[in-house]
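Colleague: Could you have a look at this structure, given as structure tokens, before my questions?
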Amino acid sequence: DGGITQSPKYLFRKEGQNVTLSCEQNLNHDAMYWYRQDPGQGLRLIYYSQIVNDFQKGDIAEGYSVSREKKESFPLTVTSAQKNPTAFYLCASSMEGAGNQPQHFGDGTRLSIL
Amino acid sequence: RKEVEQDPGPFNVPEGATVAFNCTYSNSASQSFFWYRQDCRKEPKLLMSVYSSGNEDGRFTAQLNRASQYISLLIRDSKLSDSATYLCVVRLMIYNQGGKLIFGQGTELSVKP
């Protein structure tokens, strides 16, 4: 059945290490998004991509990188430059081009510092 | 001023109560509006879109007032299973960049027996 799959569910990062969070969707959606959620706060946009091979910075892109080589996949790398990476990371997708379409979320990855 | 602002909560209500959530947004260019529900330690899930004429889905009613830049969600006959955090979400269409969602910080609802 169709959906958005994020992996892993839990991830631990050592100091100075880069880690990559996976996001795959089989909904044939054009647009994909990465958000970060901290306790008691709203979601904040890290990066988004409207089409393959194109992506844009969101509000808090520093310390993160993404790629969009395939329509189905939008991995997020948390680099060592991100000094406060502990958060709940959510990937979403939507049918872009139709402005009223909502975004649908994967079930998230919890990242913690070791 | 936050772009999307919600009642701070938490709301603690008995089963069967009617509860209303309020939300205001600051950008008049906002084009689409949604309510999402988020259970503890889970991903947000779409509850309902909000249309200009107002819309209802069972016990849930959403209203939009563009002039006041105000959105509301009413839950009637609340159930224990309604306990969650409710997120007000606004979509901005940015020229040549598509839509951007702006999330409120959420209002927590706890329904007690």
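Where a number appears in this text, it was derived from the coordinates with a stated rule and is not lab data. Owing to the predicted nature of the structure, the values given are computational and were not obtained by experimental measurement. Every residue, glycine as well, gets a Cβ built from its backbone with ideal geometry; the counts of neighbours run over all protein chains shown.
Colleague: Of the conditions (1) more than 13 Å from chain B (Cβ to nearest Cβ); (2) without any contact (Cβ under 8 Å) to a residue 60 or more places away in the chain; (3) part of a strand (DSSP E or B), residue A:21 satisfies every one except a single condition; which number is it?
Modeller: Only one criterion in (1) more than 13 Å from chain B (Cβ to nearest Cβ); (2) without any contact (Cβ under 8 Å) to a residue 60 or more places away in the chain; (3) part of a strand (DSSP E or B) is unmet by residue A:21, namely (2).
Colleague: Still on this structure: Take the residues in the stretch A:14-29 that are out of contact with any Lys or Arg (no Cβ under 6 Å at 6 or more places or on another chain) and crowded, with 18+ Cβ neighbours inside 10 Å, then tell me which one is nearest to residue A:80 (Cα to Cα).
Modeller: Across the stretch A:14-29, the extreme among qualifying residues is A:21.
Colleague: What number of residues within the stretch B:1-29 are within 20 Å of residue B:67 (Cβ to Cβ), touching a strand residue (DSSP E or B) at 6+ places or on another chain (Cβ under 7 Å) and not charged (D, E, K, R)?
Modeller: Total meeting the criteria: 10.
Colleague: If I ask for residues that are of a type in the set (D, E, K, R) and farther than 13 Å from residue A:112 by Cβ, which ones from the stretch A:1-22 would you list?
Modeller: Within the stretch A:1-22, just A:1 meets the criteria.
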